[in-house]
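S.K.: Quick one: this structure, given as structure tokens, is what I'll be asking you about.
The values are calculated or read from the model by the stated rules, or taken from the named source; none is laboratory data. What you see is a predicted model, and the numbers here were worked out from it, not measured in a lab. Methodologically, a virtual Cβ is constructed for each residue, glycine included, from the backbone with ideal geometry; neighbour enumeration extends over all protein chains shown. Note: accessible area is taken over every heavy atom of the protein model, side chains too, but ligands, DNA and RNA are not part of it. Shrake-Rupley method; radii C 1.70, N 1.55, O 1.52, S 1.80 Å.
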Amino acid sequence: MKTSKQMRAELLKRAAMDMEFRSRLLDDPRRTLESEMGVTVPEGLDVRVHEEDSETAHLVLPRSSRLSDSEAASVSGGVYRIANW
């Protein structure tokens with residue numbers, strides 16, 4: 001089984017060499033990944049493919065592992081604050 005890093009490298013290489021594949025990947029990434037890579041994309045997972053040009057650069061940040069304030073409050077045991085400390 002390929003790692004996600006290996007699959008990404010394969011996708012980028014193929015998209016650089018095969019313009020028909022690149023077009024399908026841009027138009028319908030879910031179906032293209034499933035049919036060409038043999039993977040199942042989970043329902044509810046939005047897959048987006050972006051193409052850079054001379055005027056646009058994309059920066060993809062990894063998911064944040066930081067909890068939002070409401071998430072933290074729901075799992076927190078509470079905090080005791082000492083005045084003037």
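S.K.: From the residues in the stretch 1-15 that are hydrophobic (A, V, I, L, M, F, W, C) and open to solvent by 100 Å² or more (accessible area, probe 1.4 Å), which one is nearest to Thr32 (Cα to Cα)?
M.R.: Leu12
S.K.: In the stretch 16-47, how many are closer than 20 Å to Pro62 by Cβ, open to solvent by 70 Å² or more (accessible area, probe 1.4 Å) and part of a helix (DSSP H, G or I)?
M.R.: Within the stretch 16-47, residues that are closer than 20 Å to Pro62 by Cβ, open to solvent by 70 Å² or more (accessible area, probe 1.4 Å) and part of a helix (DSSP H, G or I) number 0.
S.K.: Among the residues of the stretch 29-52, is any modelled with pLDDT of 90 or more and in contact with a strand residue (DSSP E or B) (Cβ under 9 Å, 6 or more places away or on another chain)?
M.R.: Looking through the stretch 29-52, at least one residue is modelled with pLDDT of 90 or more and in contact with a strand residue (DSSP E or B) (Cβ under 9 Å, 6 or more places away or on another chain).
S.K.: Next question, about the same structure. From the list Ala83, Ala72, exactly one residue is surrounded by 10 or more Cβ atoms within 10 Å (Cβ to Cβ), over 28 Å from Thr3 (Cα atoms) and modelled with pLDDT under 90. Which is it?
M.R.: Going through Ala83, Ala72 in turn, the sole match is Ala72.
S.K.: Further question on the same structure: For the stretch 59-68, check the following and say yes or no: at least one residue is in a loop (DSSP other than H, G, I, E, B), of a type outside the set (Val, Ile, Thr), at positive phi and modelled with pLDDT of 80 or more.
M.R.: Among the residues of the stretch 59-68, not one is in a loop (DSSP other than H, G, I, E, B), of a type outside the set (Val, Ile, Thr), at positive phi and modelled with pLDDT of 80 or more, which makes the answer no.
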